[in-house]
Every structure is written in structure tokens, then in C-alpha cells.
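First up is the structure itself, then whatever we jot down about it.
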Amino acid sequence: MKLIHNSGSSADVYHTESCNKKAAKWNRASYEMNYEPSASPLGSETAEETVEGAPQELRIKLDVNAVNADMPVETAITNRTSKKSFSCNALPMSHLAKILYLANGARTKVAEASENMDSNYGAGFNFPSAGGLASTQIDVFVLNVEGVEPGIYRFDRRKHELVLKKKGNFSTWLKEFGILQVEFGDAGAVLILSCDMARLAEKYTIRAYRLGLMDAGHVSENIYLTANALGLCVCATAGFVDSEINSALGFDGLDKCALLALGVGL
Ligand SMILES: Cc1cc2nc3c(=O)[nH]c(=O)nc-3n(C[C@H](O)[C@H](O)[C@H](O)COP(=O)(O)O)c2cc1C
């Protein structure tokens with residue numbers, strides 16, 4: 001049952017109408033100046049959701065305990081800021097691992113115990129979610145991360161691994177096509193929070209859209225607090241071209257859709 005998609009409901013209309021249109025980004029001059037030919041086919045591809053069955057050679061194990069983000073919660077909250085003046089220094093993999101784990105990871109013991117579970121329910125994640133359905137997932141544009149080849153990766157939150165979806169440096173593509181503010185293309189990594197809206201709708205019908213947005217908000221705050229505790233620059237933006245980001249990640253934009261992008265870096 002997919003009540004959000006194909007129903008002709010006002011939620012569909014709202015979602016479609018509230019997308020940023022390509023026209024908002026379209027600037028012929030900059031497009032021609034920095035055009036990256038390898039980026040052009042990206043928009044037409046619909047990558048499969050490969051995370052569950054992805055072969056070992058596409059997987060990078062993340063050490064989620066290599067650094068500590070052990071700032072007191074009160075300090076982390078009161079010191080938190082948005083910063084997008086990213087330097088050209090590489091983001092350490094340990095820092096990315098910590099952010100992904102604390103923001104969207106299954107807790108370690110559960111990750112080990114639940115490798116064969118086929119449901120997210122009750123998995124014990126580091127974030128709250130409506131119905132425990134864990135509707136928010138993270139895909140990562142790795143632009144400049146120590147020891148990780150640039151590309152698009154899915155965070156396998158149960159196994160604490162990055163799963164390669166597509167190789168390539170998408171910094172220019174993000175600046176020119178994906179995100180309205182160019183600064184985000186200079187981040188070490190851009191984390192895209194997406195929602196499995198169809199799954200939420202099976203349980204919550206028309207209220208799923210509201211819940212999906214709130215779920216993503218909780219994950220976003222975890223990213224903010226962890227990044228700030230680690231002394232990193234972090235900034236959220238909903239200012240991206242939905243159709244570009246969705247098709248780059250293999251989402252149909254309704255049942256599965258990008259909701260928020262966060263740039264993280266030094
Ligand atoms: C949902 C959301 C969308 C945002 N979009 C942008 C954005 O497009 N560009 C930007 O520079 N900052 C963006 N921000 C960051 C806010 O501008 C920032 O949180 C706000 O100015 C308060 O500053 P602070 O986070 O440093 O306290 C966004 C934040 C959130 C939560």
C-alpha cells in the first residue's frame with residue numbers, strides 16, 4: 001500500500017510543488033565554464049538500492065570507536081553552530097565514521113546480533129524514529145575524506161560500513177547541478193538524509209510525510225552535535241535540486257526521497 005505515491009492526494013501535490021526546480025539553479029554561464037562531462041549521465045541513472053546484498057569489495061568497514069565525541073551534552077548543544085567555510089583539508093575517516101554511527105547507526109551490540117534481521121523494528125538505533133521504523137537513511141557524497149576514494153556511498157547502519165554506489169568526485173557536480181550554495185561542494189563530505197516514505201506510509205498512511213520530516217530532523221541534530229563536538233564545520237541545507245539529487249542516489253523522489261543535505265568538513 002503506497003498511499004503517498006500514486007494517490008493524487010494533496011500530500012503528493014504538496015511534495016511536488018515544494019521541490020526546488022532546476023530553474024532556480026540554472027545559470028548557463030557557470031554551467032558552461034565548469035562543466036564536468038562525467039557528471040552528465042548521472043542524472044539519468046537509477047542506481048539500485050544495493051546495500052543489503054552489496055559484495056564485500058564495495059564495502060569499507062568504519063571504525064566507529066577510533067575517536068571520541070565525548071563533550072558534555074550541554075556543552076555540545078550550547079556550542080553548536082552552522083559553519084560552511086570548509087578548508088581544503090581532508091576530513092579524517094574516523095570523524096566521518098563517528099558522525100554516521102552516532103547519527104544513524106545501530107548500536108554496536110545490536111549491529112552484531114542482528115545481521116540476519118530483515119526488519120528495522122526494535123533494532124536499537126542511536127536515534128529515535130516514528131514507530132521505530134528508522135525511516136531516515138544516509139547517503140554520502142565523499143569529496144575529500146582521508147583514505148576513502150571519492151564517490152557516492154550508502155551508510156550501512158547495521159554493519160557500520162560504507163557501501164560504494166558510484167565512484168567519482170562529485171564536487172563540481174554538486175556545485176553546478178546539485179546544491180544551490182556552492183560552498184557545500186568544498187566540504188569533505190555531503191551527507192544526504194533521505195526518507196523511506198513508502199515504508200512509513202504502510203503504517204501511518206497520510207501522516208507519514210510529517211513523521212518522515214521529523215525523523216530526519218532528529219538525525220540531523222545528531223550530526224550537528226557530533227560534528228561540533230569533534231571540532232568540525234557542519235551546515236545543513238534544504239537548498240538542493242531535488243530531481244538531481246534523487247536521481248543521483250537512485251530515488252524516485254516520492255516513495256524514497258532526499259530531504260536534507262549536510263556538509264561536513266574541516
Ligand atoms: C532545515 C535546515 C535548512 C537549512 N538550510 C540552510 C541553507 O540552505 N543554507 C545555509 O547556509 N544554512 C542553512 N541552514 C542553517 C541555518 O541557516 C542555521 O541553522 C541558522 O542560521 C542558525 O544558525 P546556527 O545553526 O549557527 O545556530 C539550515 C538549517 C536547517 C535546520
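The values are calculated or read from the model by the stated rules, or taken from the named source; none is laboratory data. Source: prediction; values computed, not measured. Cβ atoms come from the backbone with ideal geometry, glycine included; neighbour counts cover every protein chain shown. Side chains included, ligands, DNA and RNA excluded: accessible areas come from the protein's heavy atoms. Shrake-Rupley method; radii C 1.70, N 1.55, O 1.52, S 1.80 Å.
Computed with a 1.4 Å probe over protein heavy atoms only, the accessible surface of the range 133-266 comes to 28 Å² per residue. Proximity of backbone amide H atoms, modeled 1.01 Å from N, is registered between Cys257 and Cys195, Met197 at under 5 Å, excluding neighbours fewer than 5 places apart on the same chain.
Checked against a 23 Å cut-off, the cross-linked pairs Lys84/Lys175; Lys22/Lys175; Lys98/Lys165; Lys98/Lys175 give Cα-Cα distances beyond that limit for Lys98/Lys175.
Based on alpha-carbon atoms, the Kirkwood radius and the radius of gyration of the range 53-206 give Rg/Rh equal to 0.97.
For the pair Arg210 and Cys88, a Förster radius of 51 Å applied to the C-beta separation gives a FRET efficiency near 0.80, rounded to the nearest 0.05. Once backbone amide H atoms are built at 1.01 Å from N, Arg158 has Ala106 as its partners under 5 Å, excluding neighbours fewer than 5 places away on the same chain.
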